[in-house]
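Okay, so here's the structure we're looking at.
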Amino acid sequence: MRRPRTRSRPASPGGSRRGRTPTRRQTAAAAEEEEERRWPAVPKPFQVDPELVSLNKFHATYASAGEVAMFAMLPGLTSAGNQSAVFDEVLRATALASSSLQMQQPGLMVRAKQHYRRAVMKIGAALQNPETAQDDSVVVALLTLGIYEALVPDLTPKRITSHCRGSLVLLRYRAERGVASSLDNGLLTFLVHLGILETFIGLDGRSSVLPVVKNAPWARHCTVEPLLERAMDFKEMICHALLSIEARRSSVPHILRTGLDVIRDLEAAANYSITSPGPRKTGVDGQGLNSFNGLLSRKSYASEAIVRGLYPTVRLHVLEYILGLSMALGELTREELSMLAGLPHGLSALEQVCEQVRVVFGFDGREPASRQLGIGFSTWCMFWPMLAVLKSGFADKDTRLWVMDKCATVSRASGFGMAMYQMGWFEQKPCKAGATG
């Protein structure tokens with residue numbers, strides 16, 4: 001029987017047929033292949049609770065700032081042994097909604113709305129019980145729902161307003177029963193800031209935060225910073241003048257002088273932290289400090305950067321009120337023209353606000369100041385200045401496109417802001433006397 005021929009293998013490029021013996025390189029490659037067969041190419045993903053991730057992210061985004069009493073309390077209210085069932089539902093709803101928008105995960109929003117429905121039911125039950133209604137976590141939970149409504153656009157304006165009013169009622173209830181604490185002062189400061197915000201960007205009349213706080217006997221200790229109150233009173237003065245130009249023509253020089261004084265003092269407040277009685281005499285416990293109504297401490301680079309953006313924003317509004325009045329007057333007298341010559345240039349006032357937007361969020365190429373406070377808290381503070389630039393008559397097309405892009409950028413990063421803007425929550429309304437309360 002004839003044996004079949006065996007074909008000889010071609011010699012390896014590097015040598016003789018002795019190449020049949022595995023080389024060291026071939027042995028190593030075979031070992032690697034065996035290792036790959038034993039272990040899967042793609043490792044199994046870690047199983048992480050999305051709610052835990054969202055809570056940690058929310059704390060880093062908002063609560064780590066420690067600048068606002070409401071945010072500063074969040075870690076304590078969620079610590080071991082001090083968990084509130086009411087606040088836990090609210091916090092989970094808000095944290096999941098924030099993470100859903102930040103990470104573009106619609107599934108998290110479904111879970112957020114489930115927690116929200118349970119939170120509303122638990123808050124309602126807690127308010128029916130006199131004991132639980134006085135608990136710190138309930139009043140903080142009610143205000144935290146306002147953040148949720150700012151993140152989720154469904155019926156935002158109506159619900160945010162109702163949560164603010166409900167919080168005022170609850171704070172009054174606590175004060176009348178003698179259980180108010182420093183927390184209540186911090187929450188009132190937070191609400192007053194919302195009242196100031198609604199006065200300057202077209203929300204006046206939709207809520208009654210400032211009139212309630214200013215007129216309520218139980219809230220007399222929570223006053224509006226005198227400089228900011230002067231700015232709001234000036235807006236009211238302008239509104240009265242615009243309603244009857246001819247009747248108030250004789251008072252125009254006084255109005256202009258008042259506005260120029262407010263503009264000058266707002267610029268000083270942005271640049272210097274001490275307002276009275278002098279640079280060498282700081283008030284007790286921070287009194288006499290330009291801290292934007294006590295909202296920020298000005299103790300860090302980040303909070304200082306935000307304050308330097310908020311005061312110039314009010315200054316920009318006041319400047320525009322004066323120019324609006326001058327346009328309504330038509331032909332100006334020599335005295336009025338002379339006074340208007342002392343106004344700062346509108347473009348420089350606008351650029352001052354834009355510069356602080358760059359500094360806070362790092363749009364100037366440097367490290368963002370917001371890194372110290374959390375992007376959510378910084379966006380919450382600085383969305384107003386960005387809107388002021390967007391709506392300013394001094395802003396050209398390129399500036400508006402720039403600031404709209406920045407609004408969208410920080411809103412994507414924080415989950416806050418654009419939903420309210422798209423619903424028209426910041427639409428300016430016609431000037432009406434009595435709007436500021």
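The values are calculated or read from the model by the stated rules, or taken from the named source; none is laboratory data. Just so it is clear, the structure is predicted and the values come from calculations on it, not from any experiment. Neighbour counts run over all protein chains shown; Cβ positions are idealised from the backbone, glycine included.
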Can you name every residue in region 313-335 that is over 16 Å from D261 (Cβ atoms) and either of a type outside the set (A, V, I, L, M) or within 17 Å of the chain's Cα centre (by Cα) (or both)?
-> T313, E320, G324, S326, G330, E331, T333, R334, E335
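Hey, which of the helices (runs of 4 or more DSSP H) in region 334-405, taking only ones fully inside, have at least 2 residues that are out of contact with any helix residue (DSSP H, G or I) (no Cβ under 9 Å at 6 or more places or on another chain)?
Where helices (runs of 4 or more DSSP H) fall fully within region 334-405 and carry at least 2 residues being out of contact with any helix residue (DSSP H, G or I) (no Cβ under 9 Å at 6 or more places or on another chain), they are 334-340, 346-361.
Would you call L325 more than 14 Å from V307 (Cα to Cα) and assigned by TED's automatic domain parsing to the domain that holds Y301?
Yes: the conditions hold for L325.
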Filtering region 390-401 down to residues that are of a type in the set (A, V, I, L, M, F, W, C) and in contact (Cβ under 8 Å) with a residue 40 or more places away in the chain, which residue is nearest to L347 (Cα to Cα)?
-> F394
Pick from region 168-189, criterion part of a helix (DSSP H, G or I) and at pLDDT below 80, ranking: nearest to the chain's Cα centre (by Cα) = G186
Considering every residue within region 208-229, establish whether at least one is polar (S, T, N, Q), within 26 Å of W380 (Cα to Cα), surrounded by 18 or more Cβ atoms within 10 Å (Cβ to Cβ) and in contact (Cβ under 8 Å) with a residue 24 or more places away in the chain.
-> no
